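One structure below.
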Amino acid sequence: MSTAKPKTVKKQRIMIVDDEEVFRKLLLSKLKDGYEVEMAVNGVEALEKVKYFKADLFLVDRMMPKMDGVELIKNLRQMPEFLGTPIIMLTARDQVKDKVQGFEVGADDYVTKPFNLMELSMRIESFLKKSKKTKYVSTLLSTLGNDTSEEDIDLLGHDLKAASTIQLNLMPSLFPVHDKFDFSAKMIPAKIVGGDFYDFIPIENDRVVICLGDVSGKGITAALLMIMIRTIIRVLLAEKLSLVDICQKVNSMLIRDVGMGKFVTMFIGILNMETACFESYVNAGHLPPYIIKKDGRVGMLDTTAPFLGAFPDVEITSNSYSFDKGDLLAIYTDGVTELEQSPNVFFGDENFIRLLKTLYDIAPDEMVEKVVEELNTFSSNKSDDVTLVFVKHKDF
């Protein structure tokens, strides 16, 4: 009997902006168990930190050096991502004109120091509950029209969730079974839907086509292109076109029918599982997949073409690769190595290679989950889709 793993609940994020250390520590001690908390000592530092810490609520002191709370709130309200984010202003001043000024620039509430921690906690909880549902309403209304009803928004949310389910169902959950290879893969969209995709397409004579792509952009547009490209690849494979010809046609389609500066990076290869070789593969501008050898050496599969959708007369070539026993092939998107923990602090290739070597001896399906856990531990700030495909040649 299997035991289900407890689901990890993502904590909501609060930024405390106050130049007084005693108040920062007091608030941190109260909030750290229930929320993910970041702190800044003034408005300038806060504006730097919001580049990687997307707060769900701000606690902002009014009087601070360099940039005070009023100026900080003005700046935050000019950022689309924080238009509807709750901001509670903290101050030792109880003048009506100060409160009015705070509300005028966009504060949602005003709490006078010294404050009751229990009361402040209840206000925070109340604002966060409301903001979960209304966070993107202003953006939606500007797109759909101000006469859009609450029922229309609820229906759109339902449709997006359905689209997410459909997209994830398009990704194979059952992988090829062979006595010489193990396979696993996973895609985690940064938004409700995403532009990454992977596919395993069985063809004749013990062969399988392995594909991983990364469409430029995120969200609905990228997801639509991802579905289009995946479908075209499957149709053209059924017509027995070569991988080079398939990539040429995808390139032409993107330029002719899509435009808008949209492109895709893609790895696609025909793996003969019996002879343990990629008879042919094309790497079109994608990150070179890593090969971890049994003895710990690291190799890569070459890039054979630029990304698709930008240049009409692009030269596309293919290559081949023969697996050694024990080879682990890791195909991945840049959402892995470019995951950002703080400004200019990325997960990076070195961490990824080290992790692959550490996990080398476990099965690919478990390896995928361990990598995802490591990424979640490194940072919760996922601004790009994350996709992994692992192929391991069994060592016997």
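Given the options L212, L155, L27, state which has the largest fluctuation in a GNM of the chain using a 10 Å cut-off (strictly under) for Cα springs. Most flexible of the set in this elastic network: L155. In order along region 333-339, the Karplus-derived 3J(HN,Hα) couplings, from 6.51 cos²θ - 1.76 cosθ + 1.60 at θ = phi - 60°, round to 9, 6, x, 7, 6, 9, 4 Hz, and Gly and Pro are given as x. Size of region 13-140: Rg and Dmax of its alpha carbons, in Å, are 13.4, 40. Each residue of region 50-67 was assigned a 3J(HN,Hα) from its phi angle through the Karplus curve 6.51 cos²θ - 1.76 cosθ + 1.60 (θ = phi - 60°); the sequence is 5, 5, 10, 10, 8, 5, 8, 7, 10, 10, 10, 6, 6, 9, 8, x, 6, 8 Hz, with glycine and proline shown as x.
Under 5 Å between amide hydrogens, built in the peptide plane, is the criterion, and for F181 it picks out K394 among residues at least 5 positions away or on other chains. For region 13-140, the relative contact order works out to 22 percent when only alpha carbon pairs closer than 8 Å and six or more residues apart are counted.
Put the Cα centre of region 204-245 next to the Cα centre of region 46-99 and the gap is 46 Å.
If you wrap the Cα atoms of region 245-396 in a convex hull and average its projected area over all directions, you get 10.1 nm².
Mean sequence separation of contacting Cα pairs (under 8 Å, at least six apart), scaled by the length of the chain, corresponds to a relative contact order of 13 percent. Within the listed set F115, F197, F278, the Gaussian network model of the chain (springs between alpha-carbon atoms below 10 Å) gives the highest mean-square fluctuation for F115.
Whole-Hz Karplus values for region 161-169 come out as 5, 5, 4, 4, 5, 4, 4, 5, 5 Hz, taken residue by residue from phi with 6.51 cos²θ - 1.76 cosθ + 1.60 and θ = phi - 60°; glycine and proline positions read x. Each label was represented as a point 7 Å from its Cα along the Cα-to-Cβ direction; for K293 and K370 these points are 2.1 nm apart.
Taking all C-alpha pairs of region 234-331, those more than 17 Å from each other amount to 54 percent. The stretch between L168 and T317, if pulled fully straight at 0.36 nm per residue, gains 50.6 nm over its current Cα-Cα span. Applying a threshold of 24 Å to the alpha-carbon distances of K66/K97; K66/K218; K129/K218 flags K66/K218; K129/K218 as lying beyond it. Each helix, a run of at least 4 DSSP H residues, gives -39500 (n - 2.57); summed and divided by the residues of the chain, these come to -11500 deg cm²/dmol at 222 nm.
Counted by Cβ distance under 9 Å from D196, the other residues give a net charge of -3, where Lys and Arg count +1 and Asp and Glu count -1.
Since every read-out is calculated from the coordinates, none of them should be taken as a lab result. Since the structure is predicted, the reported quantities are computational estimates derived from the model, not experimental observations. Here the Cβ is made from the backbone with ideal geometry for all residues, glycine too, and neighbour counts use every protein chain on show.
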